[in-house]
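**Q** Quick one: the structure is below, and I'll ask about it shortly.
The values are calculated or read from the model by the stated rules, or taken from the named source; none is laboratory data. Just so we're clear, the structure is a prediction, and the values are computed from it rather than from any experiment. Cβ coordinates were reconstructed from backbone atoms using ideal geometry, including for glycine residues, and neighbour counts include every protein chain displayed.
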Amino acid sequence: MTPLIIAERLTRTFTSGAVPVTAVDGASFEIGTGEFVALVGPSGCGKSTLLHLCGAMDRPSDGRISMGGQPLEALSDAALTLLRRTRIGFVFQFFNLLPTLTLAENVALPLLLDGRPAALALDRAAALATRVGLGHRLTHYPHQLSGGELQRGAIARALVHDPGLVVADEPTGSLDSANGAAVLSLLSDLNRELGVTLLLATHAPEIAAAATRVLHMRDGRIVRVERPAPSDAAGTSGAAL
């Protein structure tokens, strides 16, 4: 499997007052193209910081990280912004859909920000929304959608620009167990169908079990790598949301 992300001794240190806090401490790993990798560990172990580094939302304090052979730490802020806009999709715990936009407009937003024609962007958004089961909700606003529908909309938005990498930070954390299982199943299905690389952070073992590989974190370090046995942990994508 060709590596998409290569990290070498990746470190991120923040200064809190006069005391430096190391959130990621010398992490080295590879993530293959098309792979589904889960980051697991207790709160405060550095999962979100590592996701931000992999998603080009932050820069390392030390070490190196590359995507597709391109060193991220060497890129300018403008180049990192372009990389995020064109090659990376993001799914967050609290959805982050804009309340003044319809579902279709929210899903189309990455394409519109990239200067794509509005008609083409909305057509692509409608196709992705239909794929995630929301074709009947295109004109609805976020306050009219359920939690599961909001997260499915966020997944469609993350995929609308055909990224190579989707970064998901606790994507089931705000959902009940049934909706969480259905969202996980959808992510797993899209990973297999589209070949998109999926990097997901979670504290829930049952969520991590759906991944092809699990990186266990503690105190900013990757302390163990696990390959879960094949199972039906992801369920079926037909589950109601």
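**Q** Out of 194, 199, 138, report the one residue that is at pLDDT 90 or above and surrounded by 22 or more Cβ atoms within 10 Å (Cβ to Cβ).
**A** 199
**Q** Which condition does residue 58 not pass, out of (1) closer than 23 Å to residue 205 by Cβ; (2) touching a helix residue (DSSP H, G or I) at 6+ places or on another chain (Cβ under 8 Å), if it passes all the others?
**A** Every condition holds for residue 58 apart from (1).
**Q** Let me ask something else. Can you pull out every residue in the range 16-27 that is within 10 Å of residue 61 (Cβ to Cβ) and free of Cβ contacts under 8 Å to residues at least 40 places away in the same chain?
**A** The answer is 20, and nothing else.
**Q** Anything in the range 34-63 that is part of a loop (DSSP other than H, G, I, E, B) and among the hydroxyl-bearing types (Ser, Thr, Tyr)? List them, or say none.
**A** Listed by number, the residues that qualify are 43, 61.
**Q** Here's another thing I want to ask about it. Considering only the range 171-223, state which residues are part of a loop (DSSP other than H, G, I, E, B), touching a Phe, Trp or Tyr at 6+ places or on another chain (Cβ under 8 Å) and under 21 Å from residue 150 (Cα atoms).
**A** Correct list: 171, 174.
**Q** Still on this model: Give the residue that is surrounded by the fewest Cβ atoms within 10 Å (Cβ to Cβ), with candidates limited to residues of the range 39-64 that are small (Gly, Ala, Ser) and touching a residue at least 60 places away in the same chain (Cβ under 8 Å).
**A** Looking at the filtered set, the residue picked out is 43.
**Q** Can you confirm whether residue 15 is surrounded by fewer than 21 Cβ atoms within 10 Å (Cβ to Cβ) and closer than 25 Å to residue 195 by Cα?
**A** Spelling it out, it is not the case that residue 15 is surrounded by fewer than 21 Cβ atoms within 10 Å (Cβ to Cβ) and closer than 25 Å to residue 195 by Cα.
**Q** Looking at residue 113, is it modelled with pLDDT under 95, under 20 Å from the mean Cα position of the chain (by Cα) and buried (at least 17 other Cβ atoms within 10 Å of the Cβ)?
**A** When the stated conditions are applied, residue 113 does not pass them.
**Q** If you scan the range 74-106, which residues turn out to be surrounded by fewer than 16 Cβ atoms within 10 Å (Cβ to Cβ) and either closer than 20 Å to residue 26 by Cα or polar (S, T, N, Q) (or both)?
**A** 74, 76, 81, 86, 96, 100 - these are the residues of the range 74-106 that are surrounded by fewer than 16 Cβ atoms within 10 Å (Cβ to Cβ) and either closer than 20 Å to residue 26 by Cα or polar (S, T, N, Q) (or both).
**Q** Sticking with this structure for a sec: With respect to residue 43, is the statement that it is of a type in the set (S, T, N, Q) and modelled with pLDDT under 95 true?
**A** yes
**Q** Here's a follow-up. Looking at the range 152-187 only, could you name the residues that are polar (S, T, N, Q), under 20 Å from residue 128 (Cβ atoms) and over 12 Å from the mean Cα position of the chain (by Cα)?
**A** Within the range 152-187, 179, 185 qualify.
**Q** Go through the range 81-105 residue by residue and tally those that are more than 17 Å from residue 199 (Cβ to Cβ) and not hydroxyl-bearing (Ser, Thr, Tyr).
**A** Looking only at that region, the number is 12.
**Q** If you don't mind, another one. Taking the criterion of being under 17 Å from the mean Cα position of the chain (by Cα), part of a helix (DSSP H, G or I) and under 19 Å from residue 49 (Cβ atoms), would at least one residue in the range 89-107 satisfy it?
**A** No, the conditions are met nowhere in the range 89-107.
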